[in-house]
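Chemist: Following this message is one structure expressed as structure tokens.
Nothing in this text is a laboratory measurement; each read-out follows from the coordinates by a stated rule. As the structure is a prediction and not an experimental result, all values here were calculated from the model. Note that each Cβ is placed from the backbone with ideal geometry, even for glycine, and that neighbours are counted across all protein chains shown.
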Amino acid sequence: MAKKLWHEHPSETLRVTEGFRLADVDPDATPGYSHGHSRGEKDLHERRELLGDLQERLYAASRVGDDTDAVLLVLQAMDSAGKGGIVRHVVGGVDPQGVELAAFKAPTDEERTHDFLWRVEKRLPQRGFIGVFDRSHYEDVLIGRVRSLASDEEVERRYGAIREFEQRVAASGIRLVKVMLHISRDEQKSRLMERLERPDKYWKYNPGDVDERMLWDDYMDAYQTVFDRTSTPDAPWYVVPANHKWYARLAVQELLIAALEGIDPQWPGADFDVAAEKKRLAAS
């Protein structure tokens with residue numbers, strides 16, 4: 001079905017490869033998909049069933065002790081790009097029992113006494129789970145660089161540490177799906193303004209978001225360096241144009257489906273005599 005939905009799969013069109021330039025990505029575009037908003041919403045709903053089935057199989061296999069893999073979705077973006085919508089409308093479509101969500105905020109005093117990856121490693125998903133990082137270890141080379149919260153030498157060290165860390169994570173059986181939701185500066189302004197115009201959105205507004213907007217170009221440069229330094233065969237980056245929320249959700253959903261289909265989880269067999277149990281139940 002994916003081939004009918006996409007004339008080019010997101011794992012190909014959105015993947016960061018050698019020579020990638022973030023400045024060349026149009027946040028308004030819908031790469032690989034030409035059916036429009038209405039069809040996109042319909043396809044998102046219909047593909048949710050397949051995503052849920054794959055996730056349930058993965059979770060079921062792990063509950064009976066099968067040595068199955070896990071999936072880790074890493075979400076990075078500028079403020080208001082739609083990370084919450086991905087969590088609600090894509091990941092929210094599967095059984096929450098098999099999902100582990102971590103939202104990384106500023107490190108605590110205890111976390112600051114350890115290396116920056118210490119708190120991240122503790123939140124890696126267990127076997128059979130889909131893990132979601134709403135922001136991640138990449139904050140330490142994005143904000144760390146833009147806001148000069150770490151020295152140039154330390155930021156440089158962190159790129160190498162991230163590559164080594166993700167190589168170990170992938171080797172352990174965790175499929176990494178690293179996504180940057182890419183919106184335009186004008187679209188972000190519109191979304192932030194909506195939060196100020198709707199009382200039901202005030203809680204989502206942070207005055208600090210405007211301060212970060214003032215550093216937009218610096219953040220784009222920092223993201224470019226992240227892609228140059230940390231998009232690897234084991235842990236590639238996918239840059240998803242996100243001005244159209246429906247497209248971003250559909251694309252991320254398809255990337256998760258592809259990761260799960262790569263694992264190909266199977267329903268575990270019965271560890272009891274099915275026929276005997278049917279007889280016992282009928283007689284009870």
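Chemist: Please go through region 42-119 and write out the chymotrypsin sites (Phe, Trp or Tyr not before Pro) that DSSP classes as loop and that have at most 12 other C-beta atoms within 10 Å.
Modeler: Counting only loop positions with at most 12 other Cβ atoms within 10 Å, none of the chymotrypsin sites (Phe, Trp or Tyr not before Pro) in region 42-119 qualifies.
Chemist: How about region 41-115: which trypsin sites (Lys or Arg not before Pro) there are in a DSSP loop, with at most 15 other Cβ atoms within 10 Å of their Cβ?
Modeler: LYS105
Chemist: Taking the Cβ-Cβ separation of GLU111 and ARG213 as r and a Förster radius of 30 Å, what is the calculated FRET efficiency to the nearest 0.05?
Modeler: About 0.65, to the nearest 0.05.
Chemist: At ARG15 and GLN266, where each label point lies 7 Å from the Cα along Cα→Cβ, what is the point-to-point distance in nanometres?
Modeler: Spacing of the two 7 Å Cα→Cβ label points: 2.7 nm.
Chemist: Taking the alpha-carbon centroid of each part, what is the distance from region 235-275 to region 64-133 in angstrom?
Modeler: 15 Å
Chemist: Take the Cα pairs of region 1-131, get the Kirkwood Rh, then feed it into Stokes-Einstein at 25 °C and 0.890 mPa s and tell me D in µm²/s.
Modeler: 140 µm²/s
Chemist: Apply the a/c threshold of 1.5 to the C-alpha gyration tensor of region 62-141 and tell me whether it is rounded, prolate or oblate. Don't skip to the end; give the middle numbers.
Modeler: Working: a/c = 2.62, a/b = 1.25, b/c = 2.10.
Oblate, since a/c reaches 1.5 and b/c is not below a/b.
Chemist: OK, next. Output the 0 to 90 degree angle, nearest 10, between the alpha-carbon long axis of helix 216-230 and the longest principal axis computed from the alpha carbons of the chain.
Modeler: Result, in degrees: 50.
Chemist: Right, something else. Compute the helix-to-body angle for 274-283: its Cα long axis versus the longest principal axis of the chain, expressed 0 to 90° and rounded to tens.
Modeler: Helix 274-283 sits roughly 70 degrees off the main axis of the chain.
Chemist: So for each of 267-275, 64-72 I average, over its residues, the number of other beta carbons within 10 Å; can you give me the resulting order with the highest mean first? Write down the numbers at each step before the final one.
Modeler: Values: 267-275: 9.3, 64-72: 18.4.
Output ranking for 267-275, 64-72: 64-72, 267-275.
Chemist: Can you give the Rg to Rh ratio for region 109-188, taking only C-alpha atoms and Rh from Kirkwood?
Modeler: Expressed as Rg/Rh, it is 1.00.
Chemist: Between ARG280 and GLN97, take the C-beta separation as r, use R0 = 41 Å, and let me know the FRET efficiency to the nearest 0.05.
Modeler: 0.90
Chemist: Report, to the nearest 10°, how far helix 36-63 tilts away from the longest principal axis of the Cα atoms in the chain, using its own Cα long axis and a range of 0 to 90°.
Modeler: It works out to around 60 degrees.
Chemist: Return the distance in nm (one decimal) between the two label points of a simple spin-label model at MET193 and HIS7, each offset 7 Å from Cα along Cα→Cβ.
Modeler: Calculated label separation equals 3.4 nm.
Chemist: Which of the GluC sites (Glu not before Pro) across region 93-136 are loop residues per DSSP, with 14 or fewer other Cβ within 10 Å?
Modeler: none
Chemist: Just want to confirm a number: the relative contact order over the chain, from Cα pairs under 8 angstrom separated by 6+ residues, in percent.
Modeler: Answer for the chain is 33 percent.
Chemist: Over region 147-284, what is the relative contact order in whole percent, taking alpha-carbon pairs under 8 Å and six or more residues apart?
Modeler: Computed value for region 147-284: 35 percent relative contact order.
Chemist: As an exercise, find the ratio Rg/Rh for region 65-207 from alpha-carbon atoms, using the Kirkwood inverse-distance average for Rh.
Modeler: On the Cα set of region 65-207, Rg over Rh gives 0.99.
Chemist: Run lengths n ≥ 4 of DSSP H only: what is the helix-derived mean residue ellipticity at 222 nm for the chain, with -39500 (n - 2.57) per run over all residues, to the nearest 500? Spell out each step's value before the answer.
Modeler: On the way: 13 runs with 142 residues, N = 284.
It lands at -15000 deg cm²/dmol.
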